[in-house]
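Here's the structure we're looking at; comments come further down.
The values are calculated or read from the model by the stated rules, or taken from the named source; none is laboratory data. Keep in mind the model is a prediction, meaning the values are calculated, not measured. Don't worry about glycine lacking a Cβ; one is built from the backbone with ideal geometry, like all the others, and counts go over all protein chains shown. Quick note on the areas: whole protein, heavy atoms, side chains included, nothing else; ligands and nucleic acids left out. Shrake-Rupley method; radii C 1.70, N 1.55, O 1.52, S 1.80 Å.
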Amino acid sequence: MNIILIGGPSVGKGTYASKLKKIYHIPHISTGDLFRENIKNETELGIKAKTYIDKGNLVPDEVTIDMVKDRLSKEDAQNGYLLDGFPRTTAQAEALESFTKIDKVLYFTADESVIIARVAGRRICKACGAIFHTTNIPPKKEGVCDYCGGEIYQRPDEQPEIVKERLNTFQEKTKPVIDYYKEKGLLAEIDANRDINNPKFRVIEDCQEVLDQLKA
Ligand code: AMP
């Protein structure tokens, strides 16, 4: 089951993916996480990517496509994956088609005001990448990751003015990718204007409804 998770910045893709990977036992592959890992390790790729990421711009296609192609060739991705944050341009979508087959695209939607409020409280673990939120998903101990004890921080590209730039980039570059998959009949829209921890809401159940049909 090869699945793409697509949606505006901080719509919650990473949080949903970390729940879905446990249900379907397939890896969560996030290009943002891969870049952040490279930045942390100060690799050549990381140093290059940082100059774009810090401004809220996209990393060039060639670099990103090669990184994803390499990651999808790994053993753990051979029985399916949840690809989060890629493709973000039509050139990336076309390239992806040349080396893998996509079964479904989950498109998470949320109002801009919801995204901006959500992102203000978002924190991640420097060590393992786990996602928290100051009010919606607070860690048990402030500043400390529940899972690995790592330090929790706010991403530099989650400052309000950078988030605005990322929203513009999404409208301009990634919206055409959504139309691309819609035309192919692969798109399923999921309403993410909701709080994942509120049992009244069914974001994960909505995803499961779509994905279970693939298995049937
Ligand atoms: P994310 O964690 O998915 O929000 O990604 C963080 C940042 O990494 C983005 O704002 C981009 O600068 C960069 N990035 C992630 N995925 C891609 C991609 N597919 N193409 C280009 N840049 C990307």
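Of everything in segment 36-56, what is open to solvent by less than 60 Å² (accessible area, probe 1.4 Å) and touching a helix residue (DSSP H, G or I) at 6+ places or on another chain (Cβ under 7 Å)? Give them in sequence order.
N38, I39, L45, G46, A49, I53, D54, G56
Test I178 against the stated conditions and say whether it is within 28 Å of L211 (Cα to Cα) and either loosely packed, with under 14 Cβ neighbours inside 10 Å or β-branched (V, I, T) (or both).
Considered against the rule, which asks whether it is within 28 Å of L211 (Cα to Cα) and either loosely packed, with under 14 Cβ neighbours inside 10 Å or β-branched (V, I, T) (or both), I178 comes out as yes.
If you scan segment 1-26, which residues turn out to be open to solvent by 20 Å² or more (accessible area, probe 1.4 Å), under 12 Å from Y81 (Cα atoms) and either under 8 Å from the mean Cα position of the chain (by Cα) or of a type in the set (D, E, K, R) (or both)?
K21, K22, listed by residue number.
Quickly run through segment 12-61 and pick out the residues that are assigned to a loop (DSSP other than H, G, I, E, B), closer than 18 Å to A130 by Cβ and near the ligand (Cβ under 10 Å from one of its atoms).
None; the set is empty.
A quick yes/no check of all residues on (1) under 18 Å from the mean Cα position of the chain (by Cα); (2) more than 22 Å from E37 (Cβ to Cβ); (3) of a type in the set (F, W, Y):
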{"residue": "F108", "(1), (2), (3)": "yes, yes, yes"}
{"residue": "D111", "(1), (2), (3)": "yes, yes, no"}
{"residue": "V114", "(1), (2), (3)": "yes, yes, no"}
{"residue": "R118", "(1), (2), (3)": "yes, yes, no"}
{"residue": "T134", "(1), (2), (3)": "no, yes, no"}
{"residue": "G150", "(1), (2), (3)": "no, no, no"}
{"residue": "K175", "(1), (2), (3)": "yes, yes, no"}
{"residue": "K182", "(1), (2), (3)": "no, yes, no"}
{"residue": "N193", "(1), (2), (3)": "yes, yes, no"}
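For every residue, the table says whether it meets (1) modelled with pLDDT of 95 or more; (2) not β-branched (V, I, T).
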| position | (1), (2) |
| --- | --- |
| I53 | no, no |
| N57 | no, yes |
| D61 | yes, yes |
| T64 | yes, no |
| R71 | yes, yes |
| K74 | yes, yes |
| L82 | yes, yes |
| F86 | yes, yes |
| T90 | yes, no |
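Select, from K19, K104, K40, the only residue that is touching a Lys or Arg at 6+ places or on another chain (Cβ under 8 Å), among the basic types (K, R) and in contact (Cβ under 8 Å) with a residue 40 or more places away in the chain.
K40
Within segment 62-104, which residues are within 15 Å of the ligand (Cβ to nearest atom), open to solvent by 40 Å² or more (accessible area, probe 1.4 Å) and among the small types (G, A, S)?
From segment 62-104, those within 15 Å of the ligand (Cβ to nearest atom) are 62-72, 81-97, 99-100, 102; that's our starting set.
Remaining after also requiring open to solvent by 40 Å² or more (accessible area, probe 1.4 Å): 62, 66, 69-71, 88, 90-91, 94, 97, 99.
The answer is A91, and nothing else.
Assess whether D206 counts as being part of a loop (DSSP other than H, G, I, E, B) and either open to solvent by 30 Å² or more (accessible area, probe 1.4 Å) or within 16 Å of T109 (Cβ to Cβ) (or both). Break it down into steps so the answer makes sense when it comes.
Numbers: part of a loop (DSSP other than H, G, I, E, B): no; either open to solvent by 30 Å² or more (accessible area, probe 1.4 Å) or within 16 Å of T109 (Cβ to Cβ) (or both): yes.
Here the answer is no, as D206 does not meet what is asked.
Given the criteria touching a helix residue (DSSP H, G or I) at 6+ places or on another chain (Cβ under 7 Å) and acidic (D, E), does E158 qualify?
Values: touching a helix residue (DSSP H, G or I) at 6+ places or on another chain (Cβ under 7 Å): yes; acidic (D, E): yes.
It is true that E158 is touching a helix residue (DSSP H, G or I) at 6+ places or on another chain (Cβ under 7 Å) and acidic (D, E).
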